[in-house]
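Chemist: Encoded as C-alpha cells, here's the structure I'll be asking about.
The values are calculated or read from the model by the stated rules, or taken from the named source; none is laboratory data. Values in this document were obtained by computation on a predicted structure and should not be read as measured data. No Cβ is skipped: glycine too gets one built from the backbone with ideal geometry, and neighbour counts run over all protein chains shown.
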Amino acid sequence: MTGSAAARWRTYAGLPAGLKALVVLSTVVGLGSYMITPFIGVLLVKGVGLDTGTAGLLVAVATFVQFGGSIVGGPVADRLGLRPTMIVALLLRTLGLVLLALAVRVHFLVLPAVVLVAAGPALYLPANKAYIVRSVSDELRPLFLAISAAALNVGMGLGPFLAVLLIGRDPVVLLLVLAGFFALITVAHQVAMQPVAARPEAPGGGTEAGGTEAGGGSTLRGALSDALRPVLFNVAAFYLYFSFQSFIGLYAAAESHLGLVGWVMLLNCAMMAVLQPLLAGRIARAGYRMLLAGSFLLMAAGTAVMCLGGTFALLLGTAVFTVGEAFVFLRGDLEVVGRIPDRPAFAFGVQRLTTGVGGLFAGAAGGFLFGHFQHDGHPGRYWLAVAAQCAVVAVLGLVLGGSSAGRTERAGTEDTAGREKEPAA
C-alpha cells in the first residue's frame, strides 16, 4: 500500500508543472461555476425581476450555449491553442457575471450576460480536457481524466452550499464576488500554466492540429463515423442521468423530503469524485460491451430502489445509480477521444454536445412522464419507468456496444491494457 502510494506520488511529481496547476485550478473553476449555475433561474427572477416564463427561456438559451456551443470550443482551441482558449473562456465568464450584476438595474444587459456566462464553459471544458490528454501518457489518461471529473464533482457538491450564504442576502454581491473570483482564476491560469505541445505519438506522425488539417476533412469524417456508436450511448447515459438529476427534487417535494435533495446530490458528487479516480484503470480495461451492460443495469437497479420512497431508499438508490454512472461516464470520455485521437479538444466538444442533447431529451420526456405519474397520484412509478429505460439501454449495450476504440491500436502495441481504454469527458 505504501509502495503504491509512493509510486503514485512519484508519478504526480514527475508531471509537467502546467498539468499539476490545472488539477488544482479545475477544482476551483468547478467550485465557482456551481456557485452560479444552479441559481441562474433564481437570479433572473428574484434579482433581475423577470417573470418565470422569460427566465425559463433564458435558462434554455444558456443551456444550449453551454453544451451545444462546446462543438465550437474544439475548433477554437485548435486555432488559438489550449491555454489561450481557457483564458478567453474565463474572461468571457467574468465579463458575463459583471453584466449580470449590472442587469439588476439595466435590464437589457441580461441576454448578453447570460450568453457570456454560458459561453465560458462551452470554450473552457474542451480545452481543459484536451490539455490533460496532451500532457500525459496513454496509460495515465484514464486516471487524469477521472481526476478532472472528480474536481468538477467537488465543485458541484460544495459550490451551491457556499452560494446560499450570499445569494439570500444580495444577489448582486454574489455576482460581483464571483466575478472577482473568476478574474483571479484567469490570472492564475496565465501565470501557472505553460503552453502544451501536440503529443508526439499522434497517429500519422504529425501534430494533433496538423494531422487533421493535412489529412483533410475525410479523416475527421471517418473518425466521427467510428465514434458514432459510443456517442449515441453517451447521449443515452446523459439522458438517464438528467432523468435522475432533474426530477429528484420534484419527487422529493411530492414525498415531503425536499430537504433531502441536497444530501442526495452531495452523495452523488462525492461518490463520483472518489470512485472514478480510484477505479480508472479497471474502467479503462473493462470490455466495452460488458461495461455498458453492467453500468446501465446498476443505474436501473438504483432508480428502481428510489420508487420505494423514503430517506433510506433515496440515498441507497442514489448510491447504486452513481456506481453505474461513474463507470459509463469515464469510459464514454475515453471511447470518444480514442476514436478522434488527433483532435482531443474537438472530441471533448462532441462529448459536451452529447450532454446537452441528453439533457434536452430528459427534460422533454422526463417532464411528460413525471407529470403523468404525479397526476395519477403515483410519482414513484416514474422511477420504475426510468429503470425500465436503463434496462433497455443495458441490453442494447450488450448487443450493439461493439469493440473498444483501442482495438486496432492495440495490435503491435506493448501496453495492451492502456490502449483498450484510451480509446477515447
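Chemist: Tell me, yes or no, whether the range 2-9 has at least one residue that is modelled with pLDDT of 80 or more and out of contact with any Lys or Arg (no Cβ under 9 Å at 6 or more places or on another chain).
Modeler: no
Chemist: Scan PHE67, PHE161 and give me the residue that is among the aromatic types (Phe, Trp, Tyr), modelled with pLDDT under 90 and either buried (at least 23 other Cβ atoms within 10 Å of the Cβ) or not in a helix (DSSP H, G or I) (or both).
Modeler: PHE67
Chemist: Given the options ASP51, ASP78, name the one that is among the acidic types (Asp, Glu), out of contact with any Gly (no Cβ under 6 Å at 6 or more places or on another chain), at pLDDT 80 or above and closer than 22 Å to LEU22 by Cβ.
Modeler: Sole residue among the options that is among the acidic types (Asp, Glu), out of contact with any Gly (no Cβ under 6 Å at 6 or more places or on another chain), at pLDDT 80 or above and closer than 22 Å to LEU22 by Cβ: ASP78.
Chemist: State whether the residues of the range 304-317 include one that is outside the structural domain of VAL72 (by TED's automatic domain parsing), in a helix (DSSP H, G or I), β-branched (Val, Ile, Thr) and at pLDDT 90 or above.
Modeler: Yes, the range 304-317 has at least one match.
Chemist: Which of the helices (runs of 4 or more DSSP H) contained wholly in the range 201-295 include at least 3 residues that are within 25 Å of GLU139 (Cα to Cα) and at pLDDT 80 or above?
Modeler: Because the criterion is at least 3 residues that are within 25 Å of GLU139 (Cα to Cα) and at pLDDT 80 or above, the helices (runs of 4 or more DSSP H) in the range 201-295 that meet it are 217-245, 261-285.
Chemist: Next up: Would you mind finding the one in LEU99, LEU143 that is outside any loop (DSSP other than H, G, I, E, B) and under 19 Å from ALA55 (Cα atoms)?
Modeler: LEU99
Chemist: Now for a different question. Test of understanding: among ALA326, ALA364, ALA388, ALA424, which residue is within 24 Å of LEU140 (Cβ to Cβ), in the same structural domain as MET299 (by TED's automatic domain parsing) and either surrounded by fewer than 16 Cβ atoms within 10 Å (Cβ to Cβ) or modelled with pLDDT under 90 (or both)?
Modeler: ALA424
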